[in-house]
Amino acid sequence: MLGDHLRRDAERIGGGRKRAEINRLDIDGHAGEAVHDYPLLVGRVCVFPIFKNLWWRFKPGHHCMTRRKHMKIGIIGAGFVGRSVAQKAVQAGHEVMLSNSRGPQSLFSMKSALGCAVGTVDEAIAFADVIVLAVPLTAYGALPPEGFRGKVVIDAINYYHERDGHIAALDQGDTTTSEMIAAHLPGARIVKAFNAIRMVDLDVAGRPEGAEDRLALPLAGDDADAKAVVAGLYHQFGFDSFDAGPLHEGWRFERDRPAYCNLKPRQALADTLAATTR
Ligand SMILES: NC(=O)c1ccc[n+]([C@@H]2O[C@H](COP(=O)([O-])OP(=O)(O)OC[C@H]3O[C@@H](n4cnc5c(N)ncnc54)[C@H](OP(=O)(O)O)[C@@H]3O)[C@@H](O)[C@H]2O)c1
């Protein structure tokens, strides 16, 4: 049944999963995967597990390869979301390029204010390991799909019919904004994230790991390694993360759902997402 995996996850956390394990799941991106500790055997029996383990760790895209302290983050949209994410990412030690529809000359003051580079949309896409979409929903159709292939793409976009006009498939719950964007950007490793927090909260609500009042943010996506990268950013910005599942589960924290811009600790977020109905 839809949401069973979320209920199981919520119960598992509530059942006292060790904090170290939760952190590993969040930050290293092994959510939903068994992490095996292979016994140290001699001879033929041990060869396969050891090589399997090594291959897994160094294959392209694994978190050992993607979870770098320093990433190049290209942001499309330089409004509230673009600027806040840029500021946090620069503070966390990443290299950032901001872009908007009007061109870099309109972002001149951002360079010194935020300590980031500015560029055209095409330049930000080409520059980035990770691309953040921080534009109104109506703008995604103008994005050039070619440059996104293979890249981690954080979709922070929300649907506001008052701003974006009515879209029947969304009004009827037939799809999600992230799935619409994924259809436009084939090959992009899309993670729905940063959409369910107001930027005034992103600026001030982060807490160090282990703080009693640390809050959690949801994410959803089909690529485990891309989700690990985003969970790592949440962590660096002072938040736990909760993996709500594949991209089509992103409706659980879209606008007007109980978890939308209603920040909670991780367990409460897990419970809320599991109990959310469409
Ligand atoms: N505000 C929040 O707290 C918040 C939180 C979570 C998610 N969101 C969602 O995040 C998205 C951005 O929100 P926002 O508050 O940052 O909006 P905003 O302040 O209105 O900024 C929108 C930005 O998008 C740019 N843009 C518009 N069309 C573009 C295009 N075709 N190509 C490149 N850039 C384009 C605009 O640049 P120009 O001015 O040059 O057109 C502007 O810099 C929205 O979908 C919103 O629902 C907002």
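The values are calculated or read from the model by the stated rules, or taken from the named source; none is laboratory data. Everything quoted here is computed from the prediction, not taken from an experiment. Because the Cβ atoms are built from the backbone with ideal geometry, glycine has one as well, and the counts that use them run over all protein chains shown.
None of Leu273, Leu185, Leu269, Leu217 is within 15 Å of the chain's Cα centre (by Cα), surrounded by 19 or more Cβ atoms within 10 Å (Cβ to Cβ) and not aromatic (Phe, Trp, Tyr) except Leu217. Within the set Gly250, Gly245, the sole residue that is in a loop (DSSP other than H, G, I, E, B) and farther than 12 Å from Ile197 by Cβ turns out to be Gly245. Checked against (1) crowded, with 20+ Cβ neighbours inside 10 Å; (2) touching a Leu at 6+ places or on another chain (Cβ under 9 Å); (3) part of a helix (DSSP H, G or I); (4) not hydroxyl-bearing (Ser, Thr, Tyr), Ala228 passes all but a single condition, namely (2). For the stretch 116-131, a tally of residues being of a type in the set (Asp, Glu) and more than 15 Å from the ligand (Cβ to nearest atom) returns 1.
Among the candidates Ile154, Ile125, the residue that is outside any loop (DSSP other than H, G, I, E, B), among the aliphatic types (A, V, I, L, M), surrounded by fewer than 24 Cβ atoms within 10 Å (Cβ to Cβ) and modelled with pLDDT of 95 or more is uniquely Ile125. Look at the stretch 255-278: where a residue is at pLDDT 95 or above and a partner is hydroxyl-bearing (Ser, Thr, Tyr), sitting 6+ places away or on another chain with Cβ atoms under 7 Å, you get Arg255/Tyr159; Arg255/Tyr160; Arg257/Thr276; Pro258/Thr272; Pro258/Thr276; Ala259/Thr272; Ala259/Thr276; Lys264/Thr272. Taken together, the criteria place Val90 among residues that are more than 13 Å from the ligand (Cβ to nearest atom), part of a helix (DSSP H, G or I), of a type outside the set (Gly, Ala, Ser) and on the phi < 0 side of the Ramachandran plot. Checking each residue in the stretch 153-182 for being more than 18 Å from the chain's Cα centre (by Cα) and within 12 Å of the ligand (Cβ to nearest atom) picks out Tyr160, His161, Glu162, Arg163, Asp164. Among the numbered conditions (1) crowded, with 20+ Cβ neighbours inside 10 Å; (2) on the phi > 0 side of the Ramachandran plot; (3) away from the ligand (no atom under 12 Å from the Cβ), the only one that Phe194 does not meet is (3).
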